[in-house]
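I have placed the structure first, in the form of structure tokens, so that the comments after it can refer back to it.
The values are calculated or read from the model by the stated rules, or taken from the named source; none is laboratory data. The model shown is predicted, which means the values in this text are computed figures rather than measured ones. Here Cβ is always computed from backbone atoms with ideal geometry, including for glycine, and neighbour counts include all displayed protein chains.
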Amino acid sequence: MEGLSTLATVLLLVPLASAAVITLFFRRSGKAAEWVSVVAAGIIMVLAFVLIFAWSGSGSLTASIPWLVLGDFRIEMGFLFNAEAATMLAVVGFIGFFIHLFSIGYMDDDPAQGRFFAGLSIFMFSMLGIVLADNLFMLFIFWELVGFSSYMLIAHYWDKDFASAASKKAFVVNRVGDFGFLIGIVWAYHYFGTANISEMSALVASGEKDVVTGIGLLLMCGFVGKSAQLPLQVWLTDAMAGPTPVSALIHAATMVAAGIYFMVRIFGILSPFTLDWILWSGAIMTTFAGICALGQDDIKKSLAYSTLAHLGYMATAIGLGFPGLAIMHMAMHACFKATLFLCSGSVIHACHHEQNMFKMGGLLRRMPITGIAFLIASLSISAVPFTAGYYSKDTIIASAWGLFANGSGGEYLGAYILTVLGALFTALYMGRMFFVVFLGKPNSEKAAKARESSVWMTLPLIVLGWVLSLGAGWFVQPGLDGSWLGGAMTSLLPTHAVEFMVQGFGNDGWKAAHAVYEASGAGWVEWLNLACVLAGFAFTFFYYGRGPSADRLEVNHPAVFQAVERHGWFDDLYDWYVAKVQQRFADILGFLDIFLIAGLLVRGAAGVAGLTGTLLRSLQVGSVHSYVYWFLIGIVFFWIFAAT
Amino acid sequence: MNLEAFQKIAASNLWGNLLPEIYLVALCLLLLVFEMVFRRQDLLLLFRVALWGQVLLLVLMGLSYFGGFPSGREELFGGLLVQTPLTETMRLFFLFGSLLVSYLGTRFLRARNLARTEFFAITLLVTAALMLLVQSNQFVLLFVALETVTVGFYVLVAYARTSGYSLEAGLKYLIMGALSSGLLLFGIVLLYGVAGSPDLAGAVGDPLHFPSLAQFIAAHPDNTLVLAGSLLVLSGIAFKVGAVPFQIWIPDVYQGAPTPVSAFLAVSSKAAGIIVLLTLVTGPFAALSGWTIPLISTVAVLTILYGNLTALPQRNVKRIMGLSGIAHAGYLLMGVVAAMTVDWAVGAIVFYLFTYLLASFGVFGVMALLSEGQDADQELDHYEDLAKRQPLLAAALTVGLASLAGIPPLGGFIGKLVLFIAAFQAGLYTLLAFSVVGVVLSIYYYFGWVREAVFRVWRSAEGAGSATPALPEPRSLTGLDRTALVGLSVLTLILGVAPFVLTWFLQL
């Protein structure tokens, strides 16, 4: 596939070139930088779709370029393009472009646009690398690169303490996960003899090699860190210190989903035990993060918990054995969660960087486009029927029940209960957010003066919110797939595009899962979901009221609110661990370092080396006489070798 | 010999294949004629003729590759010399080197009242001889080419006639060079005598010819005269390479010689030595691998350790370059040992040589630009805050030194990496361990230099008064200076990140 590899290489190099151009020439001219970056994002979007349409719509394409060949040792830069890669590429390219567009409006008053847009381009480069990589080594390199760009962008407001602390936290917590990931890669390479993902999967599929639980669990560490799953979820809420477009792009739509994507890619080599682990941790996360979201006043932090919960849903789908469904939910989630974040960005921008929900209120009238987009995305994330989220999220919940009903195991009942609770909490926190922020009267001067944002920001909201959050899932609705709007829409799209949508979402993911649910014959499952959602909205509407200036839960039950706000005391636990355990250990190591390594080994070695050097230098007497003797000694020395 | 044999030899006298060498010698003569005609010692004119003449040759050689880069092995002049892709690459290497030496020479000569034409003329002549040296397939040609190189260098090292350092260096180089040439010649004579001796079975008709000699040595690997002869030859080559224990002349000579000549010695002369050694140990001395492998391995370890350890306490930058150059010769010797068992290691050696050429000339270039007045006594202290005074020079220096130290993503890193992988595949684990130690040591002194130049180092108040006075600021950089330094840095970077270059080299 010569054309494919060329196209993929170009696709990968465009954002890198953009970052290089910005860093070299436009660091101080923000306008130029933003245009370079946005145009690059546009090219990425176009090329991504060209690549998707050029792909036949089924099977997988591989191409590799030898990077370094030494005898029989090869390092290759390879691409693996299949259904999940196509979906992920579409998400990164399409949503990435609109978030770039949004950034033009959002960052208009920022003094460091050059750095910001260069960072976005670097991120796009690294993310595309993850999407296309066909082997674990290459994947890991780009994995670390997204980590770096995330670190850099979280710390965009580096002169604020909380931002630099948050970026450090994100970086360190990710390192913990990546450590396991790296060991997993080495083990996998040792065990399979290759790090190529499709080759590994083929070895397992043909029965030549068994799955190894340890490898799966170690590789899962990377996913746990990057997708902020239990117990490494603590960094994501703090990461909201970055600019809102970054939160939307990196910490909601794409990078955090890379963990899910990675698990889907290596699905073939995961053992049942690993899948159960992923199932449980994901299912617990859906409820746990949902509860935590209720304890946040900061609109972005609340949304961040919602992201955690929905990453939990994706993990649950993987654990259920439906990787395609996880990818579908990833794509749907990318649409509505990006919308929610962009809406919050629009609101925050309009309110002059006010992030406290209880200081907003009544914004629907002042910012109708934003408000409606937020409403649609809220309905979508809560899985109201016929919105995008309904198709994926509801199917995850229903198929969990379906698996339990057909006797696959008791753990699926647990997953079902937790995910239903998660759905209830989704409705609760989304309702709370919408009613508090958009209804009632303004609670602060800033909110009272808020105006609808510029077209740069509203256009992405309309595309992602009004259109995609609503309709992205219609491809799978029976009767709509392939013959959308009586065939009118289908004729507008290339055949491959429709095939891709159906292949990527429909056959592999949604249909299989949906069939499991259908087979159980439990129609009440869907009704229960709907009831949970409606109950959640109704409860919050009456409990919190329209546009309140304070959280009623916080006022009436401070102890409960406090408990929710501390989000399970994870931070406190880690602080205690770092301060009491790790610090002690570090002190001991520090002592050893200073006395043994620095004192004896380094100083000693440096001393020996220096002394030897001085001694040898003294041989350099400068007298030709002695130099000639050196030559004679040298010949004797050579003779010793020749004679023995 | 009968007529047919003569005809066969005559048919192999393809002078066309020697056009680059002929061109260089003609250019050298042209320069000398110019001097007679114009009599003005017009530096700019001479320089332009020398430089553009060489650029033209580079272009012509480049054009000739449109028909395909030479492949395969071709013996010419009745087996006197042999041409392979390797020798063709080395020709380009030497031409590139002499181009840079000519450029540095201009900077050097401009500030001094010295004869000018001869510098370029001798450089060109030496380059032609270096080209012939790596192509030689017979000891007479090898010796003649080697002597042409060495005699040329006698003059070049002592070129700064007004400087005591330079004269001393020239004298030392003369004595050491003559001694080593004597050893080499003695070795050749012994080999000639024993291999041509009709008393021994399998005596060959043309014992100076490498393949014939290889046959004879394969038949008599334990003959004492063979041993004595080959070890004397190897000693002579070890002098060129600067391997321990024949390295002793290097610091003095490098320090005293004019900076362009130091660079020439460090890069081109050393590279020629390595290639000749490679030709010998894989050619005529292949049957002696029983003792040449341990010998060269030990020499490589000693060379790496000696070079790095003696460079550690140095403050004089030319001596640092000289001594660290010894260490680089050590890594290359490791490559030679690896090449005796691993085929593609030859390509790794040549790649390493190219990265070494680019990085060394970058560093030497900065040194030459900074030392218009004083030449031999540049200390590290003179580089204080260079980044502030001359950002471009500091950047080029940093790239060059980092590449020499083997820091990614520069060419030097990949060069070391492939060399080490070759050694690993050849199973030279001990040697590899010492090399790694050597690299670690080298980072210390290379980055000590970078630190002086780039980072603000705290200095005590009383120290400030007694500090070495800074060198006079160089005259403003010309466009050519910028092009050369930026070009070298960029090429260093390209060698580090573009894998296809490496892949091409590894096919050699």
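Look through A:320, A:363 and report the one residue that is more than 19 Å from the chain's Cα centre (by Cα), of a type in the set (A, V, I, L, M), closer than 24 Å to residue A:514 by Cα and surrounded by 24 or more Cβ atoms within 10 Å (Cβ to Cβ). A:320 is the lone residue from the list that is more than 19 Å from the chain's Cα centre (by Cα), of a type in the set (A, V, I, L, M), closer than 24 Å to residue A:514 by Cα and surrounded by 24 or more Cβ atoms within 10 Å (Cβ to Cβ).
Of all residues in segment B:175-204 being surrounded by fewer than 19 Cβ atoms within 10 Å (Cβ to Cβ) and within 12 Å of chain A (Cβ to nearest Cβ), which is nearest to residue B:112 (Cα to Cα)? The residue in question is B:175. The listed residues are B:3, B:46, and the only one of them that is in contact with a Ser or Thr (Cβ under 8 Å, 6 or more places away or on another chain), modelled with pLDDT under 85 and over 23 Å from residue B:145 (Cβ atoms) turns out to be B:46.
Within segment A:278-301, residues that are within 14 Å of residue A:233 (Cβ to Cβ) and of a type in the set (A, V, I, L, M, F, W, C) reach partners that are at pLDDT below 90 and outside any helix (DSSP H, G or I) with beta carbons closer than 7 Å, at six or more positions or on different chains, in the pairs A:284/A:230; A:285/A:229; A:285/A:230.
Only helices (runs of 4 or more DSSP H) whose full extent lies in segment B:187-270 are considered here, and the ones with at least 2 residues that are β-branched (Val, Ile, Thr) are B:224-241, B:250-256, B:259-264. Tallying residues that are of a type in the set (Phe, Trp, Tyr) and closer than 12 Å to residue B:125 by Cα within segment B:148-171 yields 1. Looking across segment B:367-418, not a single residue is of a type in the set (Lys, Arg), surrounded by fewer than 23 Cβ atoms within 10 Å (Cβ to Cβ) and closer than 18 Å to residue B:332 by Cα.
Considering only residues of segment A:616-637 that are modelled with pLDDT under 75 and more than 9 Å from every other protein chain (Cβ to nearest Cβ), which is nearest to the chain's Cα centre (by Cα)? Break it down into steps so the answer makes sense when it comes.
Taking segment A:616-637 and keeping what is modelled with pLDDT under 75, we get A:616-622.
Applying the additional criterion that residues be more than 9 Å from every other protein chain (Cβ to nearest Cβ) yields A:618, A:621.
Details: A:618: 61, A:621: 65 Å.
Residue satisfying both the conditions and the ranking: A:618.
Counting only residues that are of a type in the set (Lys, Arg) and farther than 18 Å from residue A:240 by Cα, segment A:300-343 holds 0 of them. Within segment B:283-300, one or more residues are among the small types (Gly, Ala, Ser) and buried (at least 24 other Cβ atoms within 10 Å of the Cβ).
Of the residues contained in segment B:131-138, none is found to be outside any loop (DSSP other than H, G, I, E, B), within 14 Å of another protein chain (Cβ to nearest Cβ) and among the small types (Gly, Ala, Ser). Taking helices (runs of 4 or more DSSP H) as the structural unit, those lying wholly within segment A:189-270 and holding at least 3 residues that are closer than 29 Å to residue A:63 by Cβ correspond to A:197-205, A:213-226, A:255-265.
Scanning segment B:238-279 for residues that are under 16 Å from residue B:299 (Cα atoms) and away from every other protein chain (no Cβ under 11 Å), we see that the one that is surrounded by the most Cβ atoms within 10 Å (Cβ to Cβ) is B:242.
Within segment A:413-447, the set of residues being without any contact (Cβ under 8 Å) to a residue 60 or more places away in the chain and under 22 Å from residue A:349 (Cβ atoms) comprises A:445 only.
Can you say whether residue B:150 is in a helix (DSSP H, G or I), under 23 Å from residue B:354 (Cβ atoms) and among the hydroxyl-bearing types (Ser, Thr, Tyr), as far as the supplied structure shows? Taking the combined requirement at face value, the residue does not satisfy it. When you look at residue B:342, is it touching a Leu at 6+ places or on another chain (Cβ under 7 Å) and of a type outside the set (S, T, N, Q), yes or no? Spelling it out, it is not the case that residue B:342 is touching a Leu at 6+ places or on another chain (Cβ under 7 Å) and of a type outside the set (S, T, N, Q).
Only one of the listed residues (B:338, B:396) is part of a helix (DSSP H, G or I), more than 14 Å from every other protein chain (Cβ to nearest Cβ) and modelled with pLDDT of 90 or more. That residue is B:396.
Of all residues in segment B:291-324, which are of a type in the set (A, V, I, L, M) and either more than 10 Å from chain A (Cβ to nearest Cβ) or farther than 26 Å from residue B:368 by Cα (or both)?
Answer for segment B:291-324, where residues must be of a type in the set (A, V, I, L, M) and either more than 10 Å from chain A (Cβ to nearest Cβ) or farther than 26 Å from residue B:368 by Cα (or both): B:293, B:295, B:296, B:299, B:300, B:301, B:302, B:304, B:305, B:317, B:320, B:321.
The residues of segment B:344-360 that are closer than 22 Å to residue B:430 by Cβ and either assigned to a loop (DSSP other than H, G, I, E, B) or among the hydroxyl-bearing types (Ser, Thr, Tyr) (or both), listed by number, are B:344, B:352. For segment A:543-561, the condition holds for at least one residue, the condition being that it is modelled with pLDDT of 85 or more and either touching a Ser or Thr at 6+ places or on another chain (Cβ under 9 Å) or part of a helix (DSSP H, G or I) (or both). Among the conditions (1) in a helix (DSSP H, G or I); (2) surrounded by 16 or more Cβ atoms within 10 Å (Cβ to Cβ), residue B:70 misses just one, which is (1). The residue list A:598, A:642 contains one member that is facing another protein chain (nearest Cβ under 7 Å) and either at pLDDT below 70 or over 21 Å from residue B:320 (Cα atoms) (or both), which is A:642.
Checked against the criteria, residue B:164 counts as of a type outside the set (A, V, I, L, M, F, W, C) and free of Cβ contacts under 8 Å to residues at least 12 places away in the same chain.
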